[in-house]
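Chemist: Submitted below is the structure of interest, expressed as structure tokens.
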Amino acid sequence: MTFRLNLTPTILLPVAATVLVVVALVMYLSGASAIATNERTLATAQSEMIRVLSAQFAGSVRFAKMDAVSESFTAYQADPDFGLAAAGAVDAQGKSILEFGADPALSGEAIKIASEALTANALVSRTEGTIHYAAYPAYFGKENAVVGAVVMAWDLSIHRTEIIGLQVRNGLIALGIAAVGIALLAWLLMARVTRPIRRLTQVSTALSEGKLEVEIEGAGRRDELGDMARAVEVFRSNSHRVRQMTDEEAARIIEQQAARQRMMQELQTAFGEVVDAAIAGDFSRRVPASFPDAELNSLAGSVNSLVGMVDRGLGETGEVLAALAQTDLGKRMNGDYQGAFAALKSNTNRVAENLSEIVGRLKKTSFDLKTATGEILSGANDLSERTTRQAATIEETSATMEQLASTVLQNAQRANDAAVNAAGVTATAEQGGQVMHRANEAMERITQSSSKISNIIGLIDDIAFQTNLLALNASVEAARAGDAGKGFAVVAVEVRRLAQSAASASSEVKALIEQSGVEVAGGSRLVAEAVGKLEAMVEGARKNGALLDGIAAESRSQASSIEEVNVAIRQMDEMTQHNAALVEQTNAAIEQTEAQAVELDKIVDIFSLADAPQRAVMSPVHETRGSKDVKQRVKHAAKTYLSHGNAAIDKDWAEF
């Protein structure tokens, strides 16, 4: 049993198969590249993240206080987009201090990788199946001693599922567009080729059976099908004329008609073979054009022209689609066609040209993207370096302000102590002034007593003078008395001598008293001057005490202001460090974008464009000094961000 295939499926099946192969190939290549690029990007981001987290958790690892670390891992695991599968940490001896995760096998493997990172004292990153592990040593203290290692494991299947779903959706959209194009092509073939051929076949069969009343369609067309319809119309007209002939002519015509009928049978057989071969996809068969009747030869030539036109049109279409399947976008249909095949040529060439234009734009966009990302990366690296220097300067300023605040507080305390001491000195000076006042009063009393003593001495001196006179008179009277007054004379002499001695002593005492009075007066003046000086000292001490109290209050106010400034500087330091971390994240994102542009270049460079040499795929930018500095600055930024900017680590200054 043989199956008869229509012409439309015969033409459409190769076209549809070629389109499906091209769409599937493009979707597979783009999907595989997208998955690989995404996983490399995730691995880079996760490696940078484990560096930051190891610095953040270093204190907890050092003292084996893992509650906060476990809470952080729990928060990460709660995020479905984060994809945390397992995590853990080991101490400096490689002993496990935390195993996090629902799968013990994954947790155990994570601990092994953490031990490897601790032994190598470097980042260890590894992908096993759909699990990506990343471990990094934890450094703690001023000397950055290795106190352990932190490890995390991510499940990459989540992101693979998202990418595959996106590719499936894009593939379905592409298949839908291809299906619409194939349906449009099928409609064109059915409307412009297969239906007219089927109608002409039916008309030829009816004419061969003598049914001359059938209507012939398509005689007005200006293509091969129109030629065939006009030839059939001539055949029908001749048949009408045969019926109108006389009987004599009819006999002759019948004989001619029989011969013509045989030729028609031969033509129909040949025509059927050509059509069957065309339906089977073989357009190499032709109708023999060697009939005695010129009209039949013309009809055979029209059929041959139609088959040749279909053969050339489908052949060129197949060549273009085959070139597309081989990623060659430079092939075009160049034949001269009309009608449906002209539309097929236009649409096929337009598809190739549109694909060439799209791929060309993709190549240019990829090149421009890599150029732009290179410039942005250069600027971002410069910004990162300036931000890092500014952070170091702010940290140094913060440390200096803390020292200044400490110094001002010490000065305030010393000023307060000096004010207390000045108050004590003032009180002592006041007490000394009171003592000097009492001494001055005592000196005045001594002066008064000396005056009284001087008066008494003067009185004694007068008494001695009078006694001396009395003794002299007694001696005179004793001399007058003679021997009877000798004893009295001796007594008078002694009394006179005593009176003279008393007068001499009183004179000396008076002189001493007067000298003492002079000295006491001088001492009183000196005491008065000392009292004045003490009062001036007391007043100066009071003023100094007030000044010292003011200095202490101002110093405390300055210390408070400096503390506020220091808090502001710390906040600036934290924001600067945070900005530095954001800049480094931006750098990483730019580098990932550049890598994705390179991958896009690799995808589009498999296509060959017409009139354009294939450009070599630009190699991805290798890690330079700036990239290495990025990793160091990320680590530094994380540490200093957690230390609140209390230690300046860079002595250089650059205006930002």
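Chemist: Going through Gly458, Gly432 one at a time, which residue ends up being in contact with a Lys or Arg (Cβ under 9 Å, 6 or more places away or on another chain), assigned by TED's automatic domain parsing to the domain that holds Ala552 and not hydrophobic (A, V, I, L, M, F, W, C)?
Modeler: Being in contact with a Lys or Arg (Cβ under 9 Å, 6 or more places away or on another chain), assigned by TED's automatic domain parsing to the domain that holds Ala552 and not hydrophobic (A, V, I, L, M, F, W, C) holds for just one of Gly458, Gly432, which is Gly458.
Chemist: May I pose another question? Can you tell me which residue is surrounded by the most Cβ atoms within 10 Å (Cβ to Cβ) among those in region 327-344 that are of a type in the set (Gly, Ala, Ser) and touching a residue at least 24 places away in the same chain (Cβ under 8 Å)? Write out each step before concluding.
Modeler: At the first step, the residues of region 327-344 found to be of a type in the set (Gly, Ala, Ser) are 330, 335, 339-340, 342-343.
Applying the additional criterion that residues be touching a residue at least 24 places away in the same chain (Cβ under 8 Å) yields 330, 339-340, 343.
Numbers: Gly330: 14, Gly339: 17, Ala340: 21, Ala343: 15.
The selected residue is Ala340.
Chemist: Do we have Arg625 as under 30 Å from Glu396 (Cβ atoms), at pLDDT below 75 and surrounded by 19 or more Cβ atoms within 10 Å (Cβ to Cβ) here? Spell out the reasoning first.
Modeler: Numbers: under 30 Å from Glu396 (Cβ atoms): yes; at pLDDT below 75: yes; surrounded by 19 or more Cβ atoms within 10 Å (Cβ to Cβ): no.
No, not satisfied.
Chemist: Still on this model: Do any residues in region 51-65 that are in contact (Cβ under 8 Å) with a residue 60 or more places away in the chain have Cβ atoms under 7 Å from those of residues that are surrounded by 18 or more Cβ atoms within 10 Å (Cβ to Cβ) and of a type in the set (Lys, Arg), where the two are at least six apart or on different chains, and which pairs are they?
Modeler: Every condition considered, the pairs that remain are Arg51/Lys635; Ala55/Lys635; Ala55/Lys639.
Chemist: Scanning for something of a type in the set (D, E, K, R), part of a helix (DSSP H, G or I), within 22 Å of Ala342 (Cα to Cα) and modelled with pLDDT of 70 or more, does region 246-268 turn up at least one residue?
Modeler: Taking region 246-268 first, the residues of a type in the set (D, E, K, R) are 247-249, 252, 255, 260, 262, 266.
From the residues that got through so far, the ones that are part of a helix (DSSP H, G or I) too are 247-249, 252, 255, 260, 262, 266.
Imposing the further condition that a residue be within 22 Å of Ala342 (Cα to Cα) reduces the set to none.
No.
Chemist: Can we say Arg570 is in contact with a Gly (Cβ under 6 Å, 6 or more places away or on another chain) and either in contact (Cβ under 8 Å) with a residue 24 or more places away in the chain or among the acidic types (Asp, Glu) (or both)? Steps first, please.
Modeler: Numbers: in contact with a Gly (Cβ under 6 Å, 6 or more places away or on another chain): yes; either in contact (Cβ under 8 Å) with a residue 24 or more places away in the chain or among the acidic types (Asp, Glu) (or both): yes.
Taking the combined requirement at face value, the residue satisfies it.
Chemist: Residue check: is Leu98 modelled with pLDDT of 85 or more, under 30 Å from Thr586 (Cβ atoms) and surrounded by 14 or more Cβ atoms within 10 Å (Cβ to Cβ)? I'd like the intermediate steps shown before the answer.
Modeler: Working: modelled with pLDDT of 85 or more: yes; under 30 Å from Thr586 (Cβ atoms): no; surrounded by 14 or more Cβ atoms within 10 Å (Cβ to Cβ): yes.
Taking the combined requirement at face value, the residue does not satisfy it.
Chemist: Name the pairs: first residue in region 451-462 and within 13 Å of Glu508 (Cβ to Cβ), second residue of a type in the set (Gly, Ala, Ser) and in a helix (DSSP H, G or I), Cβ to Cβ under 6 Å, at least 6 apart or on different chains?
Modeler: Here the result reads Ile457/Ser506; Ile460/Ser506; Asp461/Ala503; Asp461/Ser506, each pair linking region 451-462 to a residue that is of a type in the set (Gly, Ala, Ser) and in a helix (DSSP H, G or I).
Chemist: Can I ask one more? Take the residues in region 502-515 that are in contact (Cβ under 8 Å) with a residue 12 or more places away in the chain and more than 15 Å from Ser450 (Cβ to Cβ), then tell me which one is surrounded by the fewest Cβ atoms within 10 Å (Cβ to Cβ). Full working, then the answer.
Modeler: So the first thing to find is which residues in region 502-515 are in contact (Cβ under 8 Å) with a residue 12 or more places away in the chain, and the list is 502-503, 506-507, 509-510, 513-514.
Narrowing further to those that are more than 15 Å from Ser450 (Cβ to Cβ): 502-503, 507.
Working: Ala502: 17, Ala503: 18, Ser507: 15.
Filtering first and then ranking leaves Ser507.
Chemist: Now a separate question. Would you please list the contacts, defined by Cβ atoms under 6 Å and residues six or more apart or on different chains, that run from a residue in region 425-436 that is on the phi < 0 side of the Ramachandran plot and crowded, with 17+ Cβ neighbours inside 10 Å to a residue that is among the basic types (Lys, Arg) and part of a helix (DSSP H, G or I)?
Modeler: Sorted first by the residue in region 425-436, then by its partner, the pairs are Thr426/Arg542.
Chemist: Would a scan of region 384-404 turn up a residue that is assigned to a helix (DSSP H, G or I), basic (Lys, Arg), surrounded by fewer than 17 Cβ atoms within 10 Å (Cβ to Cβ) and assigned by TED's automatic domain parsing to the domain that holds Glu529? Outline the logic, then answer.
Modeler: Looking only at region 384-404, we keep the residues that are assigned to a helix (DSSP H, G or I), and these are 384-404.
Next, only the ones that are basic (Lys, Arg) stay: 386, 389.
With surrounded by fewer than 17 Cβ atoms within 10 Å (Cβ to Cβ) added as a condition, the list becomes 386.
Narrowing the set further to residues that are assigned by TED's automatic domain parsing to the domain that holds Glu529 leaves none.
Within region 384-404, not a single residue is assigned to a helix (DSSP H, G or I), basic (Lys, Arg), surrounded by fewer than 17 Cβ atoms within 10 Å (Cβ to Cβ) and assigned by TED's automatic domain parsing to the domain that holds Glu529.
Chemist: Condition (residue is crowded, with 18+ Cβ neighbours inside 10 Å, at pLDDT below 80, of a type in the set (Ser, Thr, Tyr) and under 20 Å from Leu25 (Cβ atoms)) applied to region 345-352: is it met by at least one residue?
Modeler: no
Chemist: Among the numbered criteria (1) touching a residue at least 40 places away in the same chain (Cβ under 8 Å); (2) over 23 Å from Gly523 (Cα atoms), which single criterion is violated by Ser475?
Modeler: If we test Ser475 against (1) touching a residue at least 40 places away in the same chain (Cβ under 8 Å); (2) over 23 Å from Gly523 (Cα atoms), just (1) comes out false.
Chemist: While we're looking at this one, here's another question. From (1) within 30 Å of Ala58 (Cα to Cα); (2) surrounded by fewer than 17 Cβ atoms within 10 Å (Cβ to Cβ); (3) modelled with pLDDT under 75, pick out the condition that doesn't hold for Ala610.
Modeler: If we test Ala610 against (1) within 30 Å of Ala58 (Cα to Cα); (2) surrounded by fewer than 17 Cβ atoms within 10 Å (Cβ to Cβ); (3) modelled with pLDDT under 75, just (1) comes out false.
Chemist: Being among the polar types (S, T, N, Q) and surrounded by 18 or more Cβ atoms within 10 Å (Cβ to Cβ) is the filter here; which residues of region 468-498 pass it? Give the steps one after another, and end with the answer.
Modeler: Taking region 468-498 and keeping what is among the polar types (S, T, N, Q), we get 468, 473, 475.
Scanning region 468-498 gives Asn468, Ser475.
Chemist: Mind checking which residues of region 516-546 are without any contact (Cβ under 8 Å) to a residue 60 or more places away in the chain and under 18 Å from Ala429 (Cα atoms)?
Modeler: Narrowing region 516-546 to residues without any contact (Cβ under 8 Å) to a residue 60 or more places away in the chain: 518-519, 522, 525-526, 529, 532-533, 536, 539-540, 543, 546.
Passing the criteria: Leu526, Glu529, Gly532, Lys533, Ala536, Glu539, Gly540, Lys543, Ala546.
Chemist: Related question: Of the residues that make up region 317-339, is at least one in a helix (DSSP H, G or I), at pLDDT 75 or above, more than 30 Å from Glu554 (Cα to Cα) and aromatic (Phe, Trp, Tyr)?
Modeler: Within region 317-339 (the criterion being in a helix (DSSP H, G or I), at pLDDT 75 or above, more than 30 Å from Glu554 (Cα to Cα) and aromatic (Phe, Trp, Tyr)), the answer is no, since none of the residues qualifies.
Chemist: Something else about it: Checking Val320 against (1) in contact with a helix residue (DSSP H, G or I) (Cβ under 9 Å, 6 or more places away or on another chain); (2) under 29 Å from Ala270 (Cα atoms), which single condition isn't satisfied?
Modeler: (2)
Chemist: Looking only at region 501-511, count how many residues are touching a helix residue (DSSP H, G or I) at 6+ places or on another chain (Cβ under 6 Å) and more than 10 Å from Ile457 (Cβ to Cβ).
Modeler: First, pick out the residues of region 501-511 that are touching a helix residue (DSSP H, G or I) at 6+ places or on another chain (Cβ under 6 Å): 502-503, 506, 509-510.
Imposing the further condition that a residue be more than 10 Å from Ile457 (Cβ to Cβ) reduces the set to 502-503.
Residues that pass the stated criteria total 2.
Chemist: For the subset of region 192-238 comprising residues that are at pLDDT 70 or above and of a type in the set (S, T, N, Q), which member is nearest to Ala342 (Cα to Cα)?
Modeler: Result: Thr201.
The values are calculated or read from the model by the stated rules, or taken from the named source; none is laboratory data. Not measured: the values here are computed from a predicted model. As a convention, Cβ positions derive from the backbone with ideal geometry for all residues, glycine included, and neighbour counts pool all protein chains shown.
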